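Enquirer: Let me give you the structure first, and then I'll get to my questions.
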Amino acid sequence: MATSVAHDLSHAPSVIQLRGVNKWYGQFHVLSDINLDVKQGERIVICGPSGSGKSTLIRCINRLEEHQRGDIVVDGVTLSNDVKNIETIRREVGMVFQSFNLFPHLTILDNLTLAPIWVKKMPKKEAEEVAMSLLKRVRIPEQANKYPGQLSGGQQQRVAIARALCMRPKIMLFDEPTSALDPEMVKEVLDVMIELAKEGMTMLCVTHEMGFARAVADRVIFMDRGEIVEQGPPSEFFANPRNERTRTFLGQIL
Ligand code: ADP
Ligand code: MG
């Protein structure tokens, strides 16, 4: 895999702040006092055991889940229940899920142009031009007029990434984007993500692809039982994990 592209973030402004964020599902305390600052252009990989709250954490950042205590600020906007506020955030924050979530009854091109046309009021022709340039970027322009079901999992996930990019987001969230893929398709998706990282996109990626973490992450965060247990640059995180729970986890996956 590519060599590390870690870069100097010391002067970059902060684009996401979480302050004392807590969330419960009923009695279950799923996020416990989360504090996190993400800088513009920073690439973060979040790992941790199943059920540790990784998905919940990143879903709170674009308000797919609501937290109960603490503050989340995205690009200067404090998240609240205000509909305008949520729309603003969703426009700035793109998300890619494990299960692609494409609209099965729409062509690839229509999947990509739907939100730009209806949410951003972009003229159809312009939306199609943007969509085609992004399909080229994820290396599948020839699939534009097919339906999701006719594509492989790796191709569908690249469409999902292109669809998120059509909205010109400032931040991209990835929730285990390669976990549902056959092994031979993992690389084609990771390559697109690595390119995006090199172009300077701010990224939060939940993934257990530790090769990806080593190659592009500025910071790796380990979560367990709703807490951020340990974090650091990949070189330190992998070579010298300080917490026992981190060591156990890495011992299982590496
Ligand atoms: P991870 O992504 O690290 O596997 P999740 O954030 O998906 O963890 O889930 C953390 C915990 O919260 C799990 O125990 C899960 O069962 C629980 N959980 C997730 N979503 C819900 C929900 N909508 N209602 C109740 N419990 C949930
Ligand atoms: Mg998850």
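Bear in mind these aren't lab numbers, they're just calculated from the coordinates by the rules spelled out. All values derive from a computational prediction rather than experimental measurement. Neighbour counts run over all protein chains shown; Cβ positions are idealised from the backbone, glycine included.
Enquirer: Once Lys and Arg get +1 and Asp and Glu get -1 on their Cβ, which of 104, 50, 171 lies farthest toward the positive end of the dipole of the chain?
Expert: Towards the positive end, the residue furthest out is 104.
Enquirer: Would you calculate a helix-derived [θ] at 222 nm for the chain, using -39,500 (n - 2.57) for each DSSP H run of n ≥ 4 and dividing by the full residue count, to the nearest 500?
Expert: The helix contribution divided over the chain gives -11000 deg cm²/dmol.
Enquirer: Please report the base-10 log of the normalised intensity I(q)/I(0) for the chain, using a Debye sum with one equal scatterer per alpha carbon and no solvent, at each q in 0.11 (1/Å).
Expert: Scattering profile of the chain, log10 relative to I(0): -0.59.
Enquirer: Still on this model: In Å³ and rounded to a whole number, note down the convex hull volume per residue for the Cα atoms of region 189-254.
Expert: 89
Enquirer: I've got another one for you. State the three equivalent ellipsoid semi-axes of region 96-167, derived from the C-alpha gyration tensor as the square roots of 5 times its eigenvalues, in descending order and whole Å.
Expert: 18, 12, 11
Enquirer: For region 68-117 and region 171-189, compute the distance between their C-alpha centroids and round to whole Å.
Expert: 19
Enquirer: So what's the projected area for region 1-146, the Cα convex hull averaged over all directions, in nm²?
Expert: So the Cα hull casts an average projection of 11.8 nm².
Enquirer: Rounded, prolate or oblate: pick one for region 109-254, where a ≥ b ≥ c are the square roots of the eigenvalues of its C-alpha gyration tensor, a/c under 1.5 means rounded, and failing that, prolate if a/b is larger than b/c, else oblate.
Expert: It is prolate, given that a/c is not under 1.5 and a/b is the larger ratio.
Enquirer: Using every Cα-Cα pair within region 153-238, state what percent have a distance larger than 17 Å.
Expert: 49
Enquirer: For a quick protection proxy, order the peptides 199-210, 118-129, 224-235 by their average other-Cβ count within 10 Å, most packed first.
Expert: Result, highest mean Cβ count within 10 Å first: 199-210, 224-235, 118-129.
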